[in-house]
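Contents: one structure, followed by commentary.
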Amino acid sequence: MSELHPVVKRKEGLFFPSGNFFLDPQRAVSHAIVTHAHADHAVAGSANVYCSKLTAQLMQLRFGERAAGKFHVLGEEENFSVNGISCRFYSAGHIGGSMMVMMKWKNKNVLFTGDWNHSSCGHLTPCRFPQTDILITEATFATPGMNHPETAEEIKKISESGVKVVAGAYRTGKAQRLSYLMSKYAAQIPVFVHRDIVPVHRLYENNGFNTGNWQPYSKQQFQKEKIALYIVPPQTLPSYYGSRDVATTFVTGWKHRHKQCTFVTNISDHADWNGLLQMVSETKPSVIYTMHGSGKHFQTHYFASGIDVFEIQ
Ligand SMILES: [Zn+2]
């Protein structure tokens with residue numbers, strides 16, 4: 001198995017046999033390359049974790065001392081070795097500190113993207129697409145026609161609502177993107193951030209990422225404002241459903257999360273269909289593996305072009 005494919009699926013997650021390490025494992029392992037700090041990519045307790053500085057800090061924020069036995073902190077486009085395999089990180093533009101990793105396998109380049117986004121909105125290091133022989137990519141929105149709306153138009157829904165808005169946003173990544181976008185497109189509107197999200201904003205800022213103008217939430221201050229935005233974690237949003245004082249929205253590309261909200265704000269941290277095609281044209285792989293989503297449209301799309309597409313279930 002390990003000779004046919006550079007990666008295999010194991011119960012711990014995606015395994016790179018020739019280097020005896022895992023990519024974004026879901027259980028603690030001896031050697032893990034972690035692309036970014038989202039919970040479905042970063043777990044606590046691995047003995048050796050190779051990641052960016054901000055990913056290490058975000059994991060320490062969530063898991064404390066049990067985050068990792070040892071962090072090996074690497075910079076963008078810095079060469080490093082894991083059990084003899086040459087590796088290099090490239091910015092993934094998904095959330096702060098997110099990286100793709102290029103690895104060597106049988107004299108071929110293998111690029112594992114983790115989650116990535118071709119639109120960094122200006123607050124993250126833009127996504128970099130190095131050329132590769134083999135591409136392992138997420139396929140979250142790999143459906144023809146599934147393209148994200150203009151971000152500026154989505155922000156207008158908040159800024160032109162004429163009321164106070166409570167917005168649900170994932171604590172790591174989306175909340176910081178949202179406060180940055182408000183400063184970019186609707187700087188006149190005060191932005192308040194929930195206390196559980198504030199430490200992530202601070203880490204972003206300490207690492208040089210622009211999170212826009214915002215302040216920690218104060219009920220008194222928020223009530224004084226006629227129009228304002230309050231960014232809360234997803235689990236806090238339902239307590240505002242049906243409120244007469246505020247409108248609610250969930251800021252995400254996931255349609256099912258918009259139910260019960262006053263209006264939809266469709267801003268995603270994942271590449272859309274056009275982004276995926278652009279990435280393939282720039283990385284020029286001869287083989288593609290897809291994860292997180294269906295690769296069947298990819299298989300159809302690239303069938304005649306000679307690119308083999310495999311789905312990793
Ligand atoms: Zn993610």
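Using the number of other C-beta atoms within 10 angstrom as an exposure proxy, rank SER119, SER46, SER183 with the fewest first.
Values: SER119 19, SER46 26, SER183 16.
Lowest to highest Cβ neighbour count: SER183, SER119, SER46.
Give me the extension gain from ALA304 to GLU77: residue separation times 0.36 nm, minus the current Cα-Cα distance, reported in nm with one decimal. Show your work: numbers first, answer last.
Working: separation 227, 0.36 × 227 = 81.72 nm, distance 3.34 nm.
My answer for the length gained is 78.4 nm.
Distance between Cα centroids, segment 162-208 to segment 234-254: provide it in whole Å.
15
On the principal axes of its Cα set, how long, how wide and how thick is segment 71-135? Give whole Å, largest value first.
36, 27, 15
If each residue of separation counts as 0.36 nm, what is the full-extension length gain between SER218 and LYS70 once their alpha-carbon separation is subtracted?
49.5 nm
What lysines sit close enough to LYS174 to cross-link, taking a C-alpha to C-alpha distance under 24 Å and skipping anything fewer than 8 places away on the same chain?
LYS53, LYS156, LYS157, LYS164, LYS184, LYS219, LYS255, LYS259
Given a Förster distance of 35 angstrom, what is the FRET efficiency for ASN206 paired with GLU12, based on the Cβ-Cβ distance and rounded to 0.05? Walk me through the intermediate numbers first.
Details: r = 32 Å, r/R0 = 0.90.
With a Förster radius of 35 Å, E is 0.65.
Dividing the alpha-carbon Rg of segment 151-265 by 2.2 N^0.38 Å yields what? It would help to have the intermediate numbers written out before the result.
On the way: Rg = 12.8 Å, N = 115, 2.2 N^0.38 = 13.4 Å.
Dividing the Cα Rg of segment 151-265 by 2.2 N^0.38 Å gives 0.96.
Starting from segment 214-306, pick out the trypsin sites (Lys or Arg not before Pro) whose DSSP state is loop and whose Cβ has at most 14 other Cβ atoms within 10 Å. Intermediate values should be presented prior to the final figure.
Working: sites: LYS219, LYS224, LYS226, ARG244, LYS255, ARG257, LYS259, LYS296; in loops: LYS226, ARG244, LYS259.
Qualifying residues, ordered by number: LYS226, ARG244, LYS259.
Diagonalise the Cα gyration tensor of the chain and give the resulting equivalent ellipsoid semi-axes, square root of 5 times each eigenvalue, largest first, whole Å. Intermediate results must be reported in sequence, preceding the final value.
Details: eigenvalues 254, 100, 50 Å².
Its equivalent ellipsoid spans semi-axes of 36, 22, 16 Å.
List the lysines whose Cα lies under 25 Å from the Cα of LYS11, skipping any in the same chain that are fewer than 8 positions away.
Within the straight-line limit of under 25 Å, LYS11 reaches these lysines: LYS70, LYS104, LYS106, LYS296.
Read-outs: derived from the displayed coordinates by stated rules, not from any lab. Please read all numbers here as calculations on a predicted model, not as lab measurements. Glycine gets a Cβ as well: all are built from the backbone with ideal geometry, and neighbour counts include every protein chain shown.
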